[in-house]
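Written below as structure tokens is the structure these notes are about.
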Amino acid sequence: MEFIHKSVLLEETIAALDIKPDGVYVDGTAGGAGHSSEIAKRLKGGLLIALDRDPDAVKIASERLKGYPAKVIESNFSRMDEVLKNEGIAGVDGILLDLGVSSFQLDSAERGFSFHKDAPLDMRMSKSGLSAADIVNNYSVEQLERILRDFGEEKFAFRIANRIALEREKRPIETTKQLADIISSAVPAKARRDGHPARKSFQAIRIAVNGELDSLSEALSKAFDLLNKNGVLAVITFHSLEDRMVKLKFKEYCTGCTCPPDFPVCVCGKTPAGRMYSRKPIEPSAEELEANPRSRSAKLRVIIKN
């Protein structure tokens, strides 16, 4: 299958990054190189470091970025500091993190990300390590419930976790269809009318398999530290858990004095480390939503380092 991925909020992201021709940039989620290509083609004397944990994405991005001032490296973006150190780069002018699962990953049935297609229950972005099948078949009911509740915000987490435990006693749960059917059977009929009943659970299990929130938390701190003065960090999120984490972290960077309100003068001496590019997150236009329905939950938040 060809690696097709419609880059979300492409024009808005490129505008926010305000690319300097001689600057150094990092795309922490290269994917199909949509954003990466647009960054790299604006460089003259500069450099793009494009990272992705998915070996399939690395191959495709390497092909699509040939001839550009870019280097593609297989790595989780949470390790961008190590990658840059190995490349002899101390600071960068902009970093992009386009989070979530790509269209290619969703549409490649064998990767096991989608509940719409029957395939092995996998969901590993790196194609290695713990799989979704390992979690579903081996985690305790309590662990499953916590994953579904915390990572999927699934209000029927307890019912679904118990049904999974019951069904796996009969036979191992090995395919996406098996799991989707089990989830559907655990959810009340009324709730099945509000979109596919497996959507939140599949999201939750995918996040757990790939350690997505831990990686994001680590990456946000490292990315901001790596920025040069007036460097830009742009993050595109696709669900509330990611967006909340980014929002709070950016707020922390933009906060100055933390002295108690009753102090007559500031004694902490803290000044804001960054400033917001826009007060509210940037969302897809009506035209983009029509052309790419998968962009509907996307939000772009951008911070500039002082």
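The values are calculated or read from the model by the stated rules, or taken from the named source; none is laboratory data. Note that the structure is a prediction, hence the values are computed from the model and not measured. Glycine gets a Cβ as well: all are built from the backbone with ideal geometry, and neighbour counts include every protein chain shown. Each accessible area value is taken on the protein alone, full model and side chains, heavy atoms only, with ligands, DNA and RNA left out. Shrake-Rupley method; radii C 1.70, N 1.55, O 1.52, S 1.80 Å.
Odds and ends about this structure:
- Residue among Arg149, Arg192, Arg206 with the largest mean-square fluctuation in a Gaussian network model of the chain, springs linking Cα atoms under 10 Å: Arg192
- Expressed as a fraction of 2.2 N^0.38 Å, the C-alpha radius of gyration for the chain is 1.07.
- Translational diffusion of the stretch 17-142 was estimated from the Stokes-Einstein equation, with Rh taken as the Kirkwood radius over Cα pairs; at 10 °C and 1.306 mPa s the coefficient is 101 µm²/s.
- Within straight-line reach of Lys170, meaning a Cα separation under 24 Å, sit the following lysines at least 8 residues removed in sequence or on another chain: Lys117.
- Fraction of beta bridges assigned by DSSP in the stretch 1-148 that are antiparallel (%, nearest 5): 0
- Too-long pairs where the Cα-Cα distance tops 25 Å, listed order kept, from Lys85/Lys280; Lys222/Lys299; Lys20/Lys127; Lys6/Lys229; Lys6/Lys222; Lys59/Lys305: Lys85/Lys280; Lys20/Lys127; Lys6/Lys229; Lys6/Lys222; Lys59/Lys305
- With R₀ set to 51 Å, the beta-carbon distance separating Lys229 from Leu130 gives a calculated FRET efficiency near 0.80.
- What a 1.4 Å probe finds exposed on the stretch 38-167 is 47% carbon and sulfur by accessible area, rounded to a whole percent.
- What the stretch 194-262 shows is 42 Å² of accessible area per residue, with the surface traced by a 1.4 Å probe over protein heavy atoms.
- Estimated 222 nm signal from helices in the chain, with DSSP H stretches of n ≥ 4 weighted -39500 (n - 2.57), rounded to 500: -12000 deg cm²/dmol
- Degrees, to the nearest 10: 199-210 long Cα axis against longest axis of the chain: 60
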